[in-house]
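Take a look at the structure set out below.
Read-outs: derived from the displayed coordinates by stated rules, not from any lab. All values derive from a computational prediction rather than experimental measurement. Here the Cβ positions follow ideal geometry from the backbone for every residue, glycine too, while neighbour counts run over all protein chains shown.
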Amino acid sequence: MSDLHLVGINVNGRDHEVVVESRRTLADVLRHDLGYPGTHLGCEHGICGACTVLLDGAAVRACLVFGVQADGCRVETVEGLADGDKLNRLQEEFSRNHALQCGFCTPGFLMLATGFLREVPDPTDEEIKEAMASNLCRCTGYQSILAAVRATADAGRAEAPAGPPPGEGDRAPSQPEGSGGGHEALHAGSDAEGAGP
């Protein structure tokens, strides 16, 4: 029985086919096989959230999902947030509110907040705090991250890659599925690996 599998994944609206070993994580497939280095690897145990991506619209830890599990799925990474060099509203608010320092955790927070704001476009401060508490940052003290998400929600338009609208009355989960500062981290393709938590 072969351990190699042909997997079809749509990443940020682009279809990919790749042959992967069943043991390889989605994070490794995204970073090394498909060229999306914005998905950072920190703890590789699902604790830190640096590898958070959206899998069919749900926030997941890419280090806890096997690449073969993403076969036929739609994956969104930090590279898909900006429109070329134009940052989306959430990215702009992260910059404006100084919500990043080393930038290592930023892609995970951006993806977590993107999924959260799609599901809960008008969140309370407590809901923002609960949702963002599932990712770790060792630099900012979190207040600036919370302020950036609050400002984005207040602006009423959490610009994000096209995705299905949330159902009426849906509330975001407090933890991503599978969970347990340079400004370059805001841009697609940035790779601050090595700065890890």
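Shown here is the pair-distance distribution of region 4-80: with all Cα-Cα distances grouped in 5 Å bins from zero up to the longest one, the shares run 3, 19, 32, 29, 14, 3 percent.
The peptide list 59-68, 86-95, put in order of mean Cβ contacts within 10 Å with the highest first, becomes 59-68, 86-95.
The charge dipole of region 4-80, taken about its Cα centre with unit charges on the Cβ atoms of Lys, Arg (+1), Asp and Glu (-1) only, comes to about 140 debye. Please name which of Val11, Val68, Ala148 has its Cα lying farthest along the dipole of region 1-156 towards the positive end, using unit charges on Cβ (Lys, Arg +1; Asp, Glu -1) and the Cα centre as origin. Value: Ala148. Shown for Ile145, Ile128, Ile47: other C-beta atoms within 10 Å of each C-beta, ranked fewest to most, produce the order Ile47, Ile128, Ile145. Taking label points 7 Å from Cα along the Cα-to-Cβ direction, His45 and Asp33 give a separation of 2.6 nm.
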